[in-house]
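> Have a look at this one.
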Amino acid sequence: MITQEPENAPYRRNRQTAEDWAARLPDLCAQALRIAATVAMGSHGRRRSGPGESFWQFRPYRPGDPSRSIDWRRSAQGDRHFVREQEWQAAESFWLWLDQSPSMQFSGARSRQTKLDRASVLLFAMASLLLRSGERVGLLCADRTRMIGSGQLALDRLCEMLPEQHGAAGLPIAAELPRHATVLAFSDTWTPLDAWDRRLTQLAWPGVRGHVVQVIDPVEARLTMRGRVRVEGLEGEAPVLLRRAESLADAYSTRFAQHNDRMSAICRRLGWGFNRHLTDHPPLPLLLGLHEAISVDRRSVHA
C-alpha cells in the first residue's frame, strides 16, 4: 500500500532536526569553553598599542611623535628618547556566521560529530576567546545582522539565537558591516563558488576582514568507497548510482582540489583567510591558528 506524505512533513522533520540540534548546543558550548580555555593559556593574546589607561611598552621616539608622548623618566636612563605606549582598549566587532544548510548535518561515521556540531564547537570557542578579550560579537543571520554584545553572558544569547537560523541558506547575509569589523564564517563551502565570490565581495568592503573555515568530513575529502555505491544528497539532489566508485577516485580528488584552490583564491583576493578543518582532527590546532591570524590582522590595522 502506498501512503501519501503530508505536505508539512518536510517542515516537521526539519523542525525536529533543529530541536534535536538545539538540545545538544549546551553540551557543545561546554566543550568549546574547555577548548577555548586551553587556547587562552597557550596564547600570547591580542594586545596592541592605542588609546587606553594600561601601560603596554616603551619604544624609541620616532620623528613625528608629539613631544608630550616622550617618557622623560625612562629617557633619562640613557641617551635616547622613549615613548610610553598604552594598551589599546577599544573593542572590535566580530561577526560570526554558521552554515546550517542540510549538508552540514552529514557525518561519515557514527563516532564522529556532524559537520554542524563541529562547526558549532569552533564558533563557540572563538566567541568565548573574543569575549574574554573584551571584544563585541555579532551574528550574521539569514535576514539581518544581530549584535550580541560583550561579556560571557553573550554566549548564552548566542546559544539561543543559533537554532533560529536552522536550515538557512548556505551563505551569510550581504550586510554593510562597521569599518574594521572581522567576519568568521564556518561552512562546508559546498555552495557554488560563483555565489561565494559575489557574497564575500559584498561583505569585504574597505576595512572589513574575514576568515572562512571549511569544515568537512574526511569521506568528503577523499573518495575511498569501492564497488557499487548509491549516493544520496542532503539538499534535494537526485540520487546517483556509482557502479565502480573506485574508478572515480582520481577525478574526485582533482575536482575537490580545484574547488578548494578556487575558494582559497577568492579569499586571498579579498585579503581574507581560508582554513580547512576535518571533523576527525582535533579542533585545537585550527583554533590556535585562527586566533593568531586574527591577532596579526588587528596588529596590521592598528600599526
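> In whole percent, what relative contact order does segment 83-206 give with Cα contacts below 8 Å and a gap of six or more residues? Intermediate values should be presented prior to the final figure.
Numbers: 169 pairs, mean separation 41.1, N = 124.
Value for segment 83-206: 33 percent.
> I need to check one value: relative contact order of segment 166-259, counting alpha carbon pairs closer than 8 Å and at least 6 residues apart, in percent.
On the way: 105 pairs, mean separation 22.8, N = 94.
Once normalised by length, the contact order is 24 percent.
> Return the carbon/sulfur percentage of the accessible area of segment 133-223, one whole number, probe 1.4 Å, all protein chains in place.
Working: 1830 of 3680 Å².
About 50 percent, which is the carbon plus sulfur part of the accessible surface.
> Choose one of Ala174, Ala221, Gly273: the residue whose Cα lies farthest towards the positive end of the charge dipole of segment 170-303 (beta-carbon charges +1 Lys, Arg; -1 Asp, Glu; about the Cα centre).
Gly273
> Can you give me the relative contact order of segment 196-303 as a percent, contacts being Cα pairs under 8 Å and 6 or more apart?
On the way: 97 pairs, mean separation 36.2, N = 108.
Relative contact order for segment 196-303 comes out at 34 percent.
> Let me ask another. List the equivalent ellipsoid semi-axes of segment 82-217 in whole Å, largest first, each obtained as the square root of 5λ for an eigenvalue λ of the Cα gyration tensor. Don't skip to the end; give the middle numbers.
Numbers: eigenvalues 145, 67, 38 Å².
Working from the Cα gyration tensor, I get semi-axes of 27, 18, 14 Å.
> Any chance you could run the full-extension gain for Arg230 through Leu288? It's 0.36 nm times the residue separation minus the Cα-Cα distance, nm to one decimal.
Numbers: separation 58, 0.36 × 58 = 20.88 nm, distance 3.84 nm.
My answer for the length gained is 17.0 nm.
> Using r as the Cβ-Cβ distance of Phe58 and Met147, and R0 as 22 Å, what FRET efficiency do you calculate, to the nearest 0.05? Walk me through the numbers on the way to the answer.
On the way: r = 37 Å, r/R0 = 1.66.
Taking R0 as 22 Å, the efficiency between Phe58 and Met147 is 0.05.
> Would you please state the base-10 log of I(q)/I(0) at q = 0.12, 0.15, 0.21 1/Å for segment 207-303, with intensities from the Debye formula using one equal scatterer on every alpha carbon?
Summing over Cα pairs of segment 207-303 leads to -0.56, -0.77, -1.14.
> Quick one: Kirkwood hydrodynamic radius for segment 98-158, alpha-carbon pairs, angstrom, one decimal? Don't skip to the end; give the middle numbers.
On the way: mean 1/r = 0.0783 Å⁻¹.
Kirkwood hydrodynamic radius for segment 98-158: 12.8 Å.
> Under a Cβ-Cβ cut-off of 13 Å, what is the net charge of the residues other than Leu171 that fall near it, where Lys and Arg count +1 and Asp and Glu count -1?
Numbers: positive: Arg198, Arg199; negative: Asp99, Asp143, Asp188, Asp194, Asp197.
Local charge sum for Leu171: -3.
> Calculate, for Asp156 and Thr38, the FRET efficiency according to 1/(1 + (r/R0)^6) with r their C-beta to C-beta distance and R0 22 Å; round to the nearest 0.05.
Numbers: r = 21 Å, r/R0 = 0.97.
Efficiency, rounded to the nearest 0.05: 0.55.
> Work through the residues other than Leu242 whose Cβ is under 12 Å from its Cβ and net out their charges, Lys, Arg +1 and Asp, Glu -1.
+3
> Same structure, new question: Could you calculate the FRET efficiency of Arg268 with Asp27 from 1/(1 + (r/R0)^6), where r is the beta carbon distance between them and R0 is 30 Å, rounded to 0.05?
Details: r = 36 Å, r/R0 = 1.20.
It comes out at approximately 0.25.
> Continuing with this model, one more query. In the neighborhood of Phe274, defined by Cβ-to-Cβ distances under 12 Å, what is the net charge if each Lys or Arg adds +1 and each Asp or Glu adds -1?
Numbers: positive: Arg262, Arg268, Arg269, Arg276; negative: Asp261.
Taking every other residue near Phe274 into account, the sum is +3.
> Could you check what % of the DSSP bridge pairs in segment 112-257 are antiparallel, to the nearest 5? Spell out each step's value before the answer.
On the way: 7 of 13 bridges.
Counting DSSP beta bridges with both partners in segment 112-257, the antiparallel share is about 55 percent.
The values are calculated or read from the model by the stated rules, or taken from the named source; none is laboratory data. None of the values given here were measured: they were computed from a predicted structure. Ideal geometry is used to build each Cβ from the backbone, glycine not excepted, and the neighbour counts take in all protein chains shown. Accessible surface is based on the protein model in full, side chains and every heavy atom, while ligands, DNA and RNA are left aside. Shrake-Rupley method; radii C 1.70, N 1.55, O 1.52, S 1.80 Å.
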